[in-house]
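What follows is a single structure, written as structure tokens, with notes after it.
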Amino acid sequence: MNSRSQMFSGTRKAAVAGYFYPQNAAELRQTINTYLDGAATDANPPAAIIAPHAGYIYSGPVAARAYAHFATADNAITRVILLGPAHRVYLRGLALCSASRFETPLGQIRVDIDSAADLMRHPDVSINDEAHRLEHSLEVHLPFLQYLFNDFVLLPLVVGDADPDTVADVIEQAWDGANSLVIVSSDLSHYHPYEIATVIDRRTADAIEALDNHHIGPEQACGCMPLGGLLTIARNRHMQVVNYDLRNSGDTAGDRQRVVGYGAWGLY
């Protein structure tokens, strides 16, 4: 057994199956299929996406607007770099998990342990299993990925207190070519009345599409830290950001008194 295999072993079990999304595999597949069928797309796959991470009844239709671009395309994604904010623990920098596999009701996903071990050389990257153990911001994306991609490896990063340049540096180190897809997981504003939320989220969407992370903080997007890193890269690479959807829980499955905002974007 080599040192990298010793560093990464075991399975990170699903923490929010049956809560954020269906526990039953057949029901989960049907749910994702329904969302993707309802998501109009030109099937032009982006290089990176931004998508939400709430319970599927709330944010699933919005996330599907990003994922649908891979549903009918002749894509060759073999590697996914997935970044989401830390909700459960305070974290400085970015956290990998020591698990070599992540599990959902649809099966297990292999972690890209070679890339993970390489990232461990970065001063702001560490292994923090507690940051991953109950974190939903990464997990809710995994069934979509399993449904769409037959065989891929995962590089999962929980992002804590980290400046945009640090996050961008980590993403750049991990992002290696056309076969890799970068995903930033983020919801938008939280618990405002519907009319106020739509104004806040529209301003946030305008900032995202202008590649302006300087006006996106925790009040605008819970994933502002990973989002800031991705937008920094997008500016440096002269990428274009395309909005696929912008809604909130009042549009999907909730009341309109205290809503959570959701958006889906592709970076080209």
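The values are calculated or read from the model by the stated rules, or taken from the named source; none is laboratory data. On a predicted model such as this, the values are computed, not experimentally measured, just so you know. All Cβ positions, even for glycine, are placed from backbone atoms using ideal geometry, and neighbour counts span all protein chains on display. Areas reflect the complete protein model, heavy atoms only, side chains present, ligands, DNA and RNA absent. Shrake-Rupley method; radii C 1.70, N 1.55, O 1.52, S 1.80 Å.
HN-Hα J couplings of the stretch 184-201 from phi, Karplus 6.51/-1.76/1.60, θ = phi - 60°, integer Hz, Gly and Pro as x?
In residue order, the calculated couplings are 10, 9, 7, 8, 9, 5, 10, 6, 9, x, 3, 5, 5, 4, 5, 5, 4, 5 Hz.
If you take percent of Cα pairs over 28 Å apart from the coordinates, which of (1) 56; (2) 28; (3) 34 do you get?
Of the listed options (1) 56; (2) 28; (3) 34, (2) comes from this structure.
Given a 10 angstrom Cα cut-off, can you work out which residue in Tyr90, Tyr56, Tyr21 is the most mobile in a GNM of the chain?
Among Tyr90, Tyr56, Tyr21, the largest mean-square fluctuation in the Gaussian network model of the chain belongs to Tyr90.
Ignoring ligands, DNA and RNA, please state the percent of accessible area on the stretch 28-182 from carbon and sulfur, probe 1.4 Å.
Taking all protein chains in place, the stretch 28-182 shows 44 percent carbon and sulfur surface.
Report the trypsin sites (Lys or Arg not before Pro) located in the stretch 53-137 that are in a DSSP loop and have at most 12 other Cβ atoms inside 10 Å of their Cβ, or state none.
Arg121
Pairwise over distinct Cα atoms, reciprocal of the mean inverse distance: report the Kirkwood radius of the stretch 5-91 in Å, one decimal place.
15.1 Å
Provide the percentage of antiparallel DSSP beta bridges, counting only those with both residues in the chain; round to the nearest 5.
Percent antiparallel among DSSP bridges in the chain is about 40.
First compute the accessible area of the stretch 185-246 with a 1.4 Å probe, then give the percent of it belonging to carbon and sulfur atoms. Write out the running numbers ahead of the final one.
On the way: 1500 of 2830 Å².
Here it works out to 53 percent.
Using a 1.4 Å probe, what is the accessible area per residue for the stretch 1-134, in Å²?
Per-residue value: 45 Å².
For Asp161, what residues show an amide H to amide H distance below 5 Å, using hydrogens built from the backbone and excluding near sequence neighbours?
Sorted by chain and number, the residues that satisfy this are Leu91, Arg92, Gly93.
For the stretch 15-62, state the average projected area of the convex hull of the C-alpha atoms over all orientations, rounded to one decimal in nm².
Dividing the Cα hull surface by four gives the mean projection, 4.0 nm².
For all pairs of alpha-carbon atoms in the stretch 164-256, what percent lies in each bin of width 5 Å, listed from the first bin to the last filled one?
Distribution as computed: 3, 13, 23, 23, 16, 11, 7, 4, 1 percent.
In nm, to one decimal, how far is the modelled label at Ala178 from the one at Asp118, with both set 7 Å along Cα→Cβ?
Placing both labels 7 Å beyond Cα along the Cβ direction yields 1.9 nm.
So if I restrict to the alpha-carbon atoms in the stretch 117-194, what is the Rg, and what is Dmax, the biggest pairwise distance, in Å?
Rg and Dmax of the stretch 117-194, Cα atoms, are 14.4, 45 Å.
Can you tell me what share of the DSSP beta bridges in the stretch 15-139 is antiparallel? A percent to the nearest 5 is fine. Present the calculation step by step, with values, prior to reporting the outcome.
Working: 4 of 8 bridges.
Beta bridges within the stretch 15-139, antiparallel portion: roughly 50 percent.
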